[in-house]
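Okay, structure first, notes after.
The values are calculated or read from the model by the stated rules, or taken from the named source; none is laboratory data. Owing to the predicted nature of the structure, the values given are computational and were not obtained by experimental measurement. Note: areas computed on protein heavy atoms with side chains; ligands, DNA, RNA excluded. Shrake-Rupley method; radii C 1.70, N 1.55, O 1.52, S 1.80 Å.
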Amino acid sequence: MRTQRRNEALETLTCQPNISILITDINMPGMDGHELAERATRIRPALKVLQLSGRERRRDGFPMLRKPFSEEDLARVMQQATGVC
């Protein structure tokens, strides 16, 4: 079911050109957040990606926000990483 949702996310990115940011958890069963981000940016190279994790290390050059985080933390990292917020 969760892998199906990630596949739906990739399909949505293909069909919805107005989506400019992907926020994903890194630690997920099946397709993890690293793979999802990699596939998503192959579909949409200009897509901004923000990864979330409570324990995983950052990799792939995508910005990451450690959980738990506040709304202010999210806004700050979004602004720094994507220029949006």
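In terms of overall dimensions, region 1-51 has a Cα radius of gyration and Dmax of 10.0, 28 angstrom.
For residue 64, the residues whose modelled amide H falls within less than 5 Å of its own, excluding neighbours fewer than 5 places apart on the same chain, are 51. To put it simply, the accessible area of the chain at a 1.4 Å probe is 49 percent carbon and sulfur. Annotation: amide H of residue 25 within the under-5 Å range of 52, sequence separation 5 or more or interchain, hydrogens built in the peptide plane.
Where both partners of a DSSP beta bridge lie in the chain, what percent of those bridges are antiparallel, to the nearest 5? Roughly 0 percent of the DSSP beta bridges within the chain come out antiparallel. Only helices enter the 222 nm calculation for the chain: every DSSP H run of n ≥ 4 contributes -39,500 (n - 2.57), and dividing by all residues gives -13500 deg cm²/dmol, rounded to 500. Matching the structure-derived volume of the Cα convex hull per residue in Å³ against the labelled list [x] 95; [y] 143; [z] 81 gives the label [x].
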